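Here the structure is laid out as structure tokens; the discussion comes afterwards.
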Amino acid sequence: MKPNPLFDGLYVPLVTPFTHDLSLAPDALARLADEALSADASGLVALGTTAESATLTAEEKQTVVRICAAACRAHGAPLIVGVGTNDTAAAIKSLRELAATGDVAAALVPAPPYIRPGEAGTLAHFTALAEHGGLPLIVYDIPYRTGQTLGVATIAALSRLPGIVGIKHATGAIDATTVELLGCPLPGFAVLGGDDVVISPLVAAGAHGGIVASANVRTADYAELISLWRRGSGEPARKLGAELARLSAALFAEPNPTVIKGVLHAQERIPSPAVRLPLLAASTGTVRRAALLAGSRARHASPA
């Protein structure tokens, strides 16, 4: 039987800061990584959707992983790296390259996007990655991006694979699958919430933690929210959870991570709110509303 899950608590999927001319801003990324871990995040996620990884060059991806790995080493925290592809062989190659660095604790891998191989094909895909990739895997279950749903039986089968250590549950709702998954804990298998607005009820229902893009902002409060539920402090957890749900809703009012970047720029934590096409920068009014909910550090937000 597997031991207790390796991953719990708050994991922050960092944005990738750019300059106004859309160049990578490595110093800003290093600051964000250090700030998140100093604010009680359990670890970091590099090259997730929030990082705009699809628009980064191979060299930029290596730089992002190197910077995040350095911060995690300094804080003694695990680094999770996103690996997203619908080509099983290419995914294995990427996993082996990450494993060779020695800096990556696990890879966050979605069900093969766009192809919709069915649950049997998805299980075969992850079986191959687990057997040949050389890294522990966290399954990224996000059907509104991949087009592929995963039922409880498939998730249970995935959890029994030796190389699969958890799932990022981001199905867009708390549904019957969520309730069954959380009601019957799978040994050694972490369930991490991935829908920011409902992270509080997910942890209350038994999730081990979350991979929370909104935690680029107010990291300490999201970490405290998870800690409160894990300690059984329901009343303060419910109050903080409702407040952070409003913030998460504001941060996702336009495509992720456009609003988050706008708020971070308003807080003078990154050099620009720039995103790469096909994303467009969030509107000033949306950023301003989210910045107000983000707290006092947002006082530099631009007027509408």
Pick from His208, His20, His169: which is most flexible by mean-square fluctuation in a GNM of the chain where alpha carbon atoms under 10 Å apart are linked?
His20
From the protein chains alone at 1.4 Å, what is the descending order of accessible area for Ser214, Ser42, largest first?
Ser42, Ser214
Under a 10 Å cutoff between Cα atoms, tell me which one of Gly166, Gly206, Gly232 has the largest fluctuation in the Gaussian network model of the chain.
Gly232
Inter-label distance, nm, simple model (7 Å from Cα along the C-beta direction), Tyr114/Asp27
3.8
Residues with amide H under 5 Å from that of Gly209, placed H, sequence gap 5 or more
Gly9, Gly193
Quick one: among Leu228, Leu98, Leu279, which has the greatest mean-square fluctuation in a GNM of the chain with alpha-carbon springs under 10 angstrom?
Leu279
Provide the gained length on full extension for the span Glu268 to Glu97, in nm with one decimal, where the gain is 0.36 nm per separating residue minus the Cα-Cα distance.
58.1 nm
With every protein chain kept in the model, how would you rank Leu29, Leu277, Leu182 by accessible area, 1.4 Å probe, largest at the top?
Leu277, Leu182, Leu29
How big is the chain by Rg and Dmax over its Cα atoms, in Å?
18.1, 56
Could you give the size of the charge dipole of region 9-233 about its Cα centre, using +1 on the Cβ of each K and R and -1 on the Cβ of each D and E, expressed in debye and rounded to the nearest 20?
400
Going 7 Å from the Cα of Asp175 in the Cα-to-Cβ direction, what parts of region 122-147 have a backbone nitrogen less than 15 Å from that spot?
141-147
Ser94 accessible area, 1.4 Å probe, all protein chains in place, Å² to nearest 10
50
Within region 11-47, what residues put their amide N at less than 12 Å from the label point 7 Å along the Cα-to-Cβ vector of Thr55?
16-24
What the Cα atoms of region 137-241 span along the principal axes, largest first and in whole Å, is 36, 27, 25
Quote the convex hull volume per residue of region 1-74, based on C-alpha atoms, as a whole number of Å³.
110
At what distance in angstrom do the alpha carbon centres of region 84-122 and region 235-250 lie from each other?
33
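The values are calculated or read from the model by the stated rules, or taken from the named source; none is laboratory data. All values derive from a computational prediction rather than experimental measurement. Cβ atoms come from the backbone with ideal geometry, glycine included; neighbour counts cover every protein chain shown. What goes into the accessible areas is simple: the full protein's heavy atoms, side chains included, and nothing from ligands, DNA or RNA. Shrake-Rupley method; radii C 1.70, N 1.55, O 1.52, S 1.80 Å.
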